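In what follows, a structure is listed as structure tokens, so that the remarks can point back to it.
No lab work stands behind these numbers, since they all come straight from the coordinates. Small disclaimer: the values here were computed from a predicted structure and weren't measured. Neighbour counts run over all protein chains shown; Cβ positions are idealised from the backbone, glycine included.
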Amino acid sequence: MLEAKLGRTGLFVNKDGFGALPLQRADMRTAVAILQRALDSGIDYFDTARAYTDSEEKIGKAIAYRRSSFILATKTGAKTPDAFWKDLETSLTLLKTDHIDVYQFHNPDYCPKPDDGTGMYEAMLEARQQGKIRFIGITNHRRHIAKEAAESELYDILQYPINYLSTPEEVELTQLCMQKNVGFIAMKALSGGLLTDLALSRSWLAMLVNVVPIWGIQRENELTGLVKAITGSIIPEEEMKKRIEKDRAELSGEFCRACGYCLPCPAGIEIFSCARMSLMLRRSVPALWLTPEWQEKMSKINNCIGCGHCKAHCPYGLDTPNLLKKNYEGYKTFL
Ligand code: SF4
Ligand code: SF4
């Protein structure tokens, strides 16, 4: 297993962390078993969020009694200091702990700073003063906000999507964080399900020595695969390059990264799934995407009112309504 230092926090963790978002979809028994086995396997960075329904509760039930053995990170999407304190107290209660190691602003649409008039950064400082949190973090899908946070010297940890499909500018953020001594947590290490070779993704991320990917786990067999990958050897660079090139060629051009920044859609379309359906059909088991539930989700594309909100908010410059239409046309050929 590899180890990584989380910037100025001075914390050393297993280079491969645990992302607890998908645990929402696991029942309590399965979630508890997964979390305990993950910790037993040497994974010691666990990331969740107030917004992930019962994910915090599951972590509290499963591993709170081993609190000193892992680093605990959660997030608040609060927009006011009052909501911030309410979230923090709820998280502490559900996680059954008296402190959170890394407390993160959850994908805000600006970079909170002292004296910006919101009082949000001051709330973080106060929480740290009270010993309820140890380090201040921020997560974001927008590169300019992530960059601002890294440059600001105000954040100990930045969480941002990074994988081998990322652009050079996005990868540069990891170098900026290294220079600024900011810990870097990588979300979407498998690009929201588009990348299917865990060993390859993990080998590529291993080259970014300061980056800790958090792998989303929902099933026990996924954990088995993850443990196998993180205890296995790194794929040699030449072979890795060839395999990545092949994948990049297949995924070149315009594709949806599933960041969800284009939501909400007034027509209720789950854009981050529907706009990448053709790729999911090609790269995973088609039957998974052809259920009545998915057919209903895809049929909502017909209800697009052309408001342009998605296109205007897509950080990758996608013509989202068009992409949705194309995906729906392709989807219908599978039915
Ligand atoms: S243009 Fe269509 S898909 Fe995009 S946000 Fe508006 S209604 Fe939704
Ligand atoms: S369409 Fe753009 S903004 Fe929406 S989920 Fe995909 S990449 Fe993100």
- request: With respect to Tyr331, determine if the residue is in a loop (DSSP other than H, G, I, E, B), touching a residue at least 40 places away in the same chain (Cβ under 8 Å) and either within 28 Å of His144 (Cα to Cα) or more than 9 Å from ligand 1 (Cβ to nearest atom) (or both).
  value: no
query: Across the stretch 302-328, what is the total count of residues that are assigned to a loop (DSSP other than H, G, I, E, B), free of Cβ contacts under 8 Å to residues at least 60 places away in the same chain and within 11 Å of ligand 1 (Cβ to nearest atom)?
result: 6
task: Run down Ile34, Ile43 and say which single residue is of a type in the set (Val, Ile, Thr), part of a loop (DSSP other than H, G, I, E, B) and within 23 Å of Ala229 (Cβ to Cβ).
output: Ile43
- prompt: Is it true that some residue in the stretch 245-258 is within 15 Å of ligand 1 (Cβ to nearest atom), part of a helix (DSSP H, G or I) and touching a residue at least 60 places away in the same chain (Cβ under 8 Å)?
  reply: no
field: Condition met for Pro321 (surrounded by 15 or more Cβ atoms within 10 Å (Cβ to Cβ), within 15 Å of ligand 2 (Cβ to nearest atom) and farther than 24 Å from Met187 by Cβ)
entry: yes
- prompt: Out of curiosity, is Ser299 of a type in the set (Gly, Ala, Ser), within 13 Å of ligand 2 (Cβ to nearest atom) and without any contact (Cβ under 8 Å) to a residue 60 or more places away in the chain?
  reply: no
- request: Would you check which residues across the stretch 61-83 are in contact with a Lys or Arg (Cβ under 6 Å, 6 or more places away or on another chain) and surrounded by fewer than 22 Cβ atoms within 10 Å (Cβ to Cβ) and list them?
  value: Ala64
